[in-house]
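Structure record follows, encoded as structure tokens.
The values are calculated or read from the model by the stated rules, or taken from the named source; none is laboratory data. A quick note: this is a predicted structure, and the numbers were derived from the prediction, not measured. Don't worry about glycine lacking a Cβ; one is built from the backbone with ideal geometry, like all the others, and counts go over all protein chains shown.
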Amino acid sequence: MHAVYEVALPRLLAFLQAFDLLCPLFLIGRDLERPVTREMLQPFVSRGDEMANHSFSHAYDLSRWSSPRRTSDLMRATELIDRTLGYRPVGFRAPGYVLSQSFADDLAWAGFEYDSSVFACPSYYLLKLGVLAAQGLVGRRSASIVGGGRVLLAPQEPYRLGEVYYRRGGGLREVPITLTRRLRAPFFGSSVALLAGGPAPRRAVRRFIRGVTHRDVVNFELHGIDFLDARDRLEVLKGIQPGLEIRWEAKAAAFAQVVTSLREAGYSWMTTRELASRVLP
């Protein structure tokens, strides 16, 4: 239940320190009600890492909630992060990457400076559709939702939201999840982790990195589970999370390759808050 905070976070901290990186952590508010969780996050706050909001409840259908109910959830997470960690978050990522127009309006009203939820990845969208359809056929309900297909038309570089998600405008800053050039594959930790478990991992990761180095901005997203494997008493999840079959040391080596390769390509590293304010002043 708590492996992400008690096992993955110390590994992530050591990784960030080894490469002199700051990072944003998108936090689920309800998790901070547990004192040990707050304790594990304190070293990140002390280092100057960014604390961002990932909602209080992590409800996948948050985009379908009424505006007052959703705003209450957002502000509850913000107040809890502020009160327990001494950091008032200004960044947000939606559970399941699903926004709506009213959702974006609520984020602006609640005082967020940026959002990082737009994920215009065709393979992810189709995979989610397939999984939900398969679960429906066997009578299983899923908490996940798909959202509108027009997200696939959204810009892939930072922009200001117009009509959510797919048009530029004058609204909230948006920092999309980065995709590769041709296949529009997601450039995030889970993809790199799977490459780390395959044949010739260094060569595969190097080719994958070349798919994003044409971009002005690379938003490299990691999930807590990317720093875990089945040895962390998570054998039961192996069939659901294929990345758990790959040792976290191998995944960490691949993540290190991402950092060093992007630095060699001329990129500098910063938190999403700093990036959003620099790119979209």
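Every condition in (1) surrounded by fewer than 16 Cβ atoms within 10 Å (Cβ to Cβ); (2) touching a helix residue (DSSP H, G or I) at 6+ places or on another chain (Cβ under 9 Å); (3) part of a loop (DSSP other than H, G, I, E, B) holds for residue 229 except the one numbered (1).
Of all residues in the range 13-33, exactly one satisfies the criterion of being part of a loop (DSSP other than H, G, I, E, B) and either free of Cβ contacts under 8 Å to residues at least 24 places away in the same chain or out of contact with any helix residue (DSSP H, G or I) (no Cβ under 8 Å at 6 or more places or on another chain) (or both), namely 20. In the set 167, 160, 184, 141, only one residue is under 19 Å from residue 98 (Cα atoms), of a type in the set (Lys, Arg), in contact (Cβ under 8 Å) with a residue 60 or more places away in the chain and in contact with a helix residue (DSSP H, G or I) (Cβ under 9 Å, 6 or more places away or on another chain); that residue is 184. For the range 182-200, a residue qualifies if it is basic (Lys, Arg) and closer than 27 Å to residue 104 by Cβ, and exactly one does: 184.
Of everything in the range 35-60, what is of a type in the set (D, E, K, R) and either closer than 29 Å to residue 261 by Cβ or modelled with pLDDT under 95 (or both)? Give them in sequence order.
Of the residues in the range 35-60, the ones of a type in the set (D, E, K, R) are 38-39, 47, 49-50.
Result: 47, 49, 50.
So in the range 148-164, with the set limited to residues that are of a type outside the set (A, V, I, L, M, F, W, C) and under 17 Å from the mean Cα position of the chain (by Cα), which one is surrounded by the fewest Cβ atoms within 10 Å (Cβ to Cβ)? Within the range 148-164, the match that is surrounded by the fewest Cβ atoms within 10 Å (Cβ to Cβ) is 157. The set of residues in the range 89-133 that are of a type in the set (A, V, I, L, M), farther than 15 Å from residue 165 by Cα and not in a helix (DSSP H, G or I) comprises 90, 110.
Yes or no: the range 133-152 includes at least one residue that is more than 20 Å from residue 179 (Cα to Cα) and touching a strand residue (DSSP E or B) at 6+ places or on another chain (Cβ under 8 Å).
The first filter runs over the range 133-152 and keeps only residues more than 20 Å from residue 179 (Cα to Cα), leaving 133-145.
Now restrict to residues that are touching a strand residue (DSSP E or B) at 6+ places or on another chain (Cβ under 8 Å): none.
Checked against the condition, which is being more than 20 Å from residue 179 (Cα to Cα) and touching a strand residue (DSSP E or B) at 6+ places or on another chain (Cβ under 8 Å), the range 133-152 yields no hits at all.
Being out of contact with any helix residue (DSSP H, G or I) (no Cβ under 7 Å at 6 or more places or on another chain) and of a type in the set (Lys, Arg) is the filter; apply it to the range 35-79 and report the residue that is surrounded by the fewest Cβ atoms within 10 Å (Cβ to Cβ). My answer is 69. Does residue 207 meet the test of being free of Cβ contacts under 8 Å to residues at least 60 places away in the same chain and either among the charged types (D, E, K, R) or on the phi > 0 side of the Ramachandran plot (or both)? The answer is yes for residue 207.
Taking residue 82 as the residue in question, decide whether it is free of Cβ contacts under 8 Å to residues at least 40 places away in the same chain, in a helix (DSSP H, G or I) and buried (at least 16 other Cβ atoms within 10 Å of the Cβ). No. Of all residues in the range 260-281, those that are loosely packed, with under 15 Cβ neighbours inside 10 Å have Cβ atoms under 7 Å from Cβ atoms of residues that are assigned to a loop (DSSP other than H, G, I, E, B), 6 or more apart or on another chain, in 265/213.
If you take the residues in the range 1-31 that are aliphatic (A, V, I, L, M) and buried (at least 19 other Cβ atoms within 10 Å of the Cβ), which one is nearest to the chain's Cα centre (by Cα)?
Taking the range 1-31 first, the residues aliphatic (A, V, I, L, M) are 1, 3-4, 7-9, 12-14, 16, 18, 21-22, 25, 27-28.
Narrowing the set further to residues that are buried (at least 19 other Cβ atoms within 10 Å of the Cβ) leaves 4, 7-9, 12, 25, 27.
On the way: 4: 14, 7: 19, 8: 15, 9: 15, 12: 14, 25: 9, 27: 10 Å.
Per the stated criteria, the residue is 25.
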